[in-house]
Amino acid sequence: MTQAERMKKGLLYLPLDEEILKVQLDAQELLYDYNRTRPHETEKRRELLKKMFGEIGENCYIEPPLYANWGGKNCRFGSNIYANYGLTLVDDEEISVGDYTMIGPGVVVSSAGHPVLPELREKGYQYNLPVRIGRNCWIGSGTIINPGVSIGDNTVIGAGSVVTKDIPANVVAVGAPCRVMREISERDREFYRPGRRIDWEEL
């Protein structure tokens, strides 16, 4: 079995394999171009994202600089997604993000891990697990999402969180490690922030 086949099966593999690196570096060429676009080149950015990502929907905007191991090649993004500056996608395995999700600045989403055993790390072994972020989530600034994690629809992850385990839908979760604080409730229809009431007539 080749290293590329091992990678696709989720087994321990050597990421510096020549066959793997060739494809990876080709993907990063497009990422290089994306990060050097000018602010007014919005159409060029859209076209590059379509070439870079495995799948990306309409009305997605990712602020450069974007960092991605495979240039987004293993990412599946829905529509109407916004990601702020400095998003890092360690996309050695699939990273999927649902429609209408917002991602704050400096977020890291990692699908790649390394074995605990020192002898295997010395040899350069790696393994990958997919990451899923649901529909209409808000991922706060500086959040780190670890390999194999799934975040349910509509969930808010507080800034600076380290998400090491699955987080269900329709909750607010925060911390390191990230834990559920509360469910999203009817009170959230009244206040958008403590002490700040939603004026529905003006929206």
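The values are calculated or read from the model by the stated rules, or taken from the named source; none is laboratory data. Computed from a predicted structure; not experimentally measured. Heads up, the Cβs are rebuilt from the backbone with ideal geometry, glycines too, and the neighbour counts pull from every protein chain shown.
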Inset, instruction - Go through the residues of the stretch 136-155 one by one and say whether even a single one is touching a Lys or Arg at 6+ places or on another chain (Cβ under 6 Å) and of a type in the set (D, E). - result: yes
Inset, instruction - Tell me which residues, restricted to the stretch 165-194, are surrounded by 12 or more Cβ atoms within 10 Å (Cβ to Cβ), among the small types (G, A, S) and either in contact with a strand residue (DSSP E or B) (Cβ under 6 Å, 6 or more places away or on another chain) or on the phi < 0 side of the Ramachandran plot (or both). - result: A169, A173, A176
Inset, instruction - Could you please find all residues in the stretch 171-195 being more than 19 Å from S141 (Cα to Cα), at pLDDT 95 or above and either part of a strand (DSSP E or B) or over 23 Å from the mean Cα position of the chain (by Cα) (or both)? - result: R182, E183
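Out of curiosity, is R135 under 13 Å from the mean Cα position of the chain (by Cα), closer than 25 Å to R36 by Cα and among the basic types (K, R)? Don't jump to the end; show me each part of the working.
Working: under 13 Å from the mean Cα position of the chain (by Cα): yes; closer than 25 Å to R36 by Cα: no; among the basic types (K, R): yes.
The answer is no for R135.
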Legend entry - Residue that is surrounded by the most Cβ atoms within 10 Å (Cβ to Cβ), among those in the stretch 144-154 that are in contact (Cβ under 8 Å) with a residue 24 or more places away in the chain and closer than 14 Å to T101 by Cα: N154
Legend entry - Pairs where the first residue, in the stretch 74-101, is without any contact (Cβ under 8 Å) to a residue 40 or more places away in the chain and surrounded by fewer than 22 Cβ atoms within 10 Å (Cβ to Cβ) and the second is in a loop (DSSP other than H, G, I, E, B) and of a type in the set (D, E, K, R), C-beta under 7 Å, 6+ apart: R76/E94; S79/E58; S79/D99; N80/D99; Y85/E63; Y100/R135
